[in-house]
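Participant: I have a structure I would like to understand better, so I am pasting it below and will then ask my questions one at a time.
The values are calculated or read from the model by the stated rules, or taken from the named source; none is laboratory data. Keep in mind it's a predicted model, so treat the numbers as computed, not measured. Cβ placement follows ideal geometry from the backbone for every residue including glycine, while neighbour counts extend to all protein chains displayed.
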Amino acid sequence: MSPLRIAVTGAAGQIGYSLLFRLASGGLGDRPVELRLLEVPSTLPKAEGVAMELLDSAFPLLSGIEIADDPRRAFDGADLALLVGARPRTADMNRGDLLSANGAIFTEQGRALNEAAGADIRVLVTGNPANTNALVARVNAPDIPAERFSALTRLDHNRALAQLALKTGAPVTEIDRLTVWGNHSATQYADLTHARVRGQDALDLVDRAWVVDDFLPTVAHRGTAVIQARGASSAASAASATVDAARDWLGGTPAGDWTSMAVVSDGSYGVAEGLVSSFPVTTSNGRWRIVEGLDIDPFSRERIDASVAELAVERDAVRQLGLIPS
Ligand code: NAI
């Protein structure tokens, strides 16, 4: 079996340190993997150290490791690009500065993917602001079909699953049809309207006050809570969610269930075409499909619209910066 060529950007960062070991130890299945570690030049020595540890783990499925600071080299012939590296917000940066710094990174990486990636490439963006970074990369890779780009909302989905499991006492494996809509930000909406616990409607098992006052804010602000508790941002769970999302995209969602994935909108559910927004999706053999025809109640409508409005503001900001055409 030929190895799956996986490029990981931000390879020497916190998420990378967890993600690479999950990929090498069979997180995506039993196909051998070849890892391409992309870092900025100043962090290459750290990436070398991570590569040494990967080697020292003697993973049976790891067929090669390469380190690069040139995205064209890292993406050359790649089947999967996990875009984790991004510029974090520092105290002296406003929102425009953050979008601009990341826009530059994802413009360059979009172009490099367009030039160098393999024909089967799938691009999953974890680095924040993930949805808009995915939009910028996609626009800068015009030869790659738009459906090959997605942004990670699987961590939000997993957090929602875990909270519902805790509340109902059911294992996460007994919960299905949960959806996270919109942006990977505090405006995201974790929708339980269609969710089932052991086949029963979730909303018959929990009261509305818990959903509104406890569940939704807990899921939306979980990242901040982890930073407060750990003194560092959620890295292992973000890496785990990245593995889950990639595995389901390349493989498939279980029959009767779906997952949450931020993908390029085709206008479904009133989400403006072209925005990279989280939807309920089923996947099979490297393709995703938005689950159509779900009823959206007025509360959900309001929450979805608010998150999508934020995505439109981010899109307009990167347009104004000249990072995507008008
Ligand atoms: P980190 O700061 O520990 O690591 C980021 C790494 O990216 C650094 O090693 C840096 O040198 C590298 N990098 C920066 N620019 C790069 C470029 N142009 N090319 C290659 N590498 C580059 O950050 P951490 O904790 O690993 O998080 C990474 C990103 O993931 C952040 O933007 C964070 O906000 C985001 N994140 C997203 C989540 C999601 O659910 N979508 C959840 C948690 C974090």
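Participant: Check region 81-90 and report whether any residue there is over 20 Å from Leu20 (Cα atoms), in a helix (DSSP H, G or I), more than 10 Å from the ligand (Cβ to nearest atom) and out of contact with any helix residue (DSSP H, G or I) (no Cβ under 7 Å at 6 or more places or on another chain).
Facilitator: The answer is no; no qualifying residue exists.
Participant: Every residue in region 207-223 that is assigned to a helix (DSSP H, G or I) and either within 16 Å of the ligand (Cβ to nearest atom) or of a type in the set (Phe, Trp, Tyr) (or both), please.
Facilitator: Trp210, Phe215, Thr218, Val219, Ala220, Arg222, Gly223
Participant: Quick one: is Ala74 in contact (Cβ under 8 Å) with a residue 40 or more places away in the chain, assigned to a helix (DSSP H, G or I) and within 9 Å of the ligand (Cβ to nearest atom)?
Facilitator: Spelling it out, Ala74 is indeed in contact (Cβ under 8 Å) with a residue 40 or more places away in the chain, assigned to a helix (DSSP H, G or I) and within 9 Å of the ligand (Cβ to nearest atom).
Participant: Being crowded, with 22+ Cβ neighbours inside 10 Å, assigned to a helix (DSSP H, G or I) and among the aliphatic types (A, V, I, L, M) is the filter here, so list the residues in region 120-160 that pass it.
Facilitator: Within region 120-160, Ala130, Ala134, Leu135, Val136, Ala137, Leu155, Ala160 qualify.
Participant: Next question. Do we have any residue at all in region 150-157 that's more than 30 Å from Ala78 (Cα to Cα), in contact (Cβ under 8 Å) with a residue 60 or more places away in the chain and within 16 Å of the ligand (Cβ to nearest atom)?
Facilitator: Within region 150-157, not a single residue is more than 30 Å from Ala78 (Cα to Cα), in contact (Cβ under 8 Å) with a residue 60 or more places away in the chain and within 16 Å of the ligand (Cβ to nearest atom).
Participant: Does region 224-254 hold any residues that are in a loop (DSSP other than H, G, I, E, B), without any contact (Cβ under 8 Å) to a residue 60 or more places away in the chain and surrounded by 15 or more Cβ atoms within 10 Å (Cβ to Cβ), and which are they?
Facilitator: Result: Thr253, single match.
Participant: Return yes when Ala51 is part of a loop (DSSP other than H, G, I, E, B), within 16 Å of the ligand (Cβ to nearest atom) and modelled with pLDDT of 95 or more and no when it is not.
Facilitator: Against the criterion (part of a loop (DSSP other than H, G, I, E, B), within 16 Å of the ligand (Cβ to nearest atom) and modelled with pLDDT of 95 or more), Ala51 does not qualify.
Participant: Just checking, does region 278-296 include any residue being of a type in the set (Phe, Trp, Tyr) and part of a helix (DSSP H, G or I)?
Facilitator: The answer is no; no qualifying residue exists.
Participant: Also: Could you list, in sequence order, all residues of region 1-15 that are within 11 Å of the ligand (Cβ to nearest atom) and among the small types (Gly, Ala, Ser)?
Facilitator: Passing the criteria: Ala7, Gly10, Ala11, Ala12, Gly13.
Participant: Conditions first: (1) under 25 Å from Ala68 (Cβ atoms); (2) part of a loop (DSSP other than H, G, I, E, B). His184 passes all but one, so which condition is the exception?
Facilitator: Result: His184 fails condition (1) only.
Participant: Of the residues that make up region 16-30, is at least one within 16 Å of the ligand (Cβ to nearest atom), among the polar types (S, T, N, Q) and within 22 Å of Glu108 (Cβ to Cβ)?
Facilitator: No, region 16-30 contains no residue that is within 16 Å of the ligand (Cβ to nearest atom), among the polar types (S, T, N, Q) and within 22 Å of Glu108 (Cβ to Cβ).
Participant: Residue check, Val40 against (1) under 23 Å from the mean Cα position of the chain (by Cα); (2) at pLDDT 95 or above; (3) within 12 Å of the ligand (Cβ to nearest atom); (4) over 22 Å from Leu113 (Cβ atoms), all met but one. Which one?
Facilitator: (4)
Participant: Take the conditions touching a helix residue (DSSP H, G or I) at 6+ places or on another chain (Cβ under 8 Å) and within 22 Å of Glu174 (Cα to Cα) and apply them to Val219. Does it pass?
Facilitator: Against the criterion (touching a helix residue (DSSP H, G or I) at 6+ places or on another chain (Cβ under 8 Å) and within 22 Å of Glu174 (Cα to Cα)), Val219 qualifies.
Participant: Hey, among Gly103, Gly110, which residue is outside the structural domain of Ser260 (by TED's automatic domain parsing), buried (at least 20 other Cβ atoms within 10 Å of the Cβ), under 20 Å from the mean Cα position of the chain (by Cα) and at pLDDT below 95?
Facilitator: Going through Gly103, Gly110 in turn, the sole match is Gly103.
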